[in-house]
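Working notes for the structure below.
None of the figures in this text is laboratory data; all of them are computed from the coordinates on show. In this text, all values refer to a predicted model and were calculated from it rather than measured experimentally. All Cβ positions, glycine included, derive from the backbone under ideal geometry; neighbour counts span all protein chains shown.
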Amino acid sequence: MRTRSSLPFRAAPLRVEDPPSHGTLLTTFLSFLSLDEKSGCAVLFGAAVRHFLHWLDLHGIAIRTIDDQAVRRFEKHRCRCHRYSAQQAHYKADQAARVRRFVRFLEDQGYVEVDDGIDDLPRHLADYSDAIDRLQLADGPAQAYRSEAEHFVAWLRMARRQWIEIDDTIIDQYAAHDCRCPVWRKRGKLVATGTKRRRRCARHFVEFLRGRGVIPSVEPVANDDPHMSAYLAWLKRHRGATDETIRRYRTDIRRLMPMLGEPSQWDATALRSAFQRRSKETPGSASLLVTIMRSYIRFLVVQGKCRPALLYAVPSVQRYRLSTLPRHVDPDTIERIIAACPTGRPVEVRDKAIILLLARLGLRAADIQDMRLNDIDWRSGHLTVKGKTRRPDRLPLPQDVGDAILAYLAAARPKTAEEHLFLRAQAPFRPFRSSAEIAGIVARTCDRGGIEGVPTGSHIFRHSLATNLLRAGAGLESVGTILRHSSPETTAIYAKVDLPMLMKIAQPWPGEPSC
Ligand SMILES: [Zn+2]
Ligand SMILES: [Zn+2]
């Protein structure tokens, strides 16, 4: 359903002849907006446009060269223009909106030069609108995608950016821009749209255009440091790092780079002070940063891009291994959580399958997020899990887990060509974007079942499975196999969870208690 008629984005070729007189321009503009010249609206548009044209004349700005900067200057000018200043103070924002609409009209008519570097934008917008229809979204989100696409088009043109240069930086600028665009107005007033929504919708539209080959499909990586790109490619190819890991590494390295500059210029002082500025982080993320930077520096050293001694300049973070107990809950609580899963609605059927996978197999959230349809071998009753290292492991599929997945596939999973096993329950039926969504499912299930005292996060199932297996008498080695740990040291964290047993063998403290 389309509730608002799209304004055309014609970006006509520049006219050779000079623009007509101000009066004629205004009349054409008003008739273009289908406004009766005597209506109140026409009077307001007329006043704003005349003021703008007058100001252009005063400053010797030719119509042909109007751009966003000129419009902003006009909006800010301390008005002493004859006949206009009295009104000016009253409705500045409204006047600005009308002027911007007029500038867009000039662009559409070819009086102002615009070079977007893209052909046939109205057709792409119309096709995009049809593509949104096919996603069968609710009216609200569908309308958001359409209007934001138009908004993005208007903003790009206003900012005089080329379509070919679109990348994440430009989309971020768009998301954060102080909006004066000639779209998105309700009764002349701006309707604010949030940063997140702008970013999400613009990305979606850009993806659509990339898919049709209108703009290059590979995002230019010019603003990525070439050393870092080489390093990340190496991580993927030679160390088998997953996309999630690479994303984390990239974010962390990027945060430090502005403080450091070119690797050949790095020195110990700069490195240390860059780390210190990030010292407010939790010990966990600080020590991850240390790991990342050491690995990156090692890579650079091998490439001959920075001095080997720098490896010793990265400070270490004081952390004690095995200093905390893994959080866990007892088997009864786990069973109560599973029993609390309703299966009335499709989304609940999906959530139950996910909870069972977490509880019975102790999978990580990322394992579930990544799971594909063909990871399940129904004939032999096995499940392939790739885990952190992308090294596939085959796990037997317990009966109740298999039943729950089958129920999901049979009745609840949307019919789409998507390969991921678990999809969002609302259109567009995409895979989960992050493992936090799995944690959300766990929290919702506990909430619904009125189960309290369960620590947040989906890892609680993994910890509990290990703990409960050990208490039931399983050895560390078999627990490590079930959890698919590649090193026995990782499993060792569970060696101290059996507190009642440890208390029995604890020796009394020698001497009198000191206080
Ligand atoms: Zn003025
Ligand atoms: Zn805007």
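Points to keep in mind about this one:
- Binned Cα-Cα distance frequencies in segment 422-494 - 5 Å width, integer %: 3, 14, 18, 16, 15, 16, 11, 5, 2, 0
- With the highest mean first, a sort of the peptides 348-361, 294-307, 146-159 on other beta-carbon atoms found within 10 angstrom per residue produces 348-361, 146-159, 294-307.
- Other residues with beta-carbon under 15 Å from the beta-carbon of G46 carry, at +1 per Lys or Arg and -1 per Asp or Glu, a net charge of +2.
- Rounded to whole Å, sorted largest first: equivalent-ellipsoid semi-axes of segment 121-211, Cα gyration tensor: 19, 17, 12
- Environment charge of D351, counting only residues whose C-beta is closer than 14 Å and scoring Lys/Arg +1, Asp/Glu -1: +4
- Within-12-Å neighbourhood charge of Y296 [Cβ basis; K, R +1; D, E -1]: +3
- Given charges at beta-carbon only (K, R positive; D, E negative), |dipole| of segment 331-496 in Debye: 360
- Per residue, the average separation of C-alpha pairs within less than 8 Å and at least 6 apart gives segment 22-109 a relative contact order of 34 percent.
- As a rough guide to protection, the peptides 401-409, 249-257, 31-39 ranked by mean Cβ packing within 10 Å, highest first, stand as 401-409, 249-257, 31-39.
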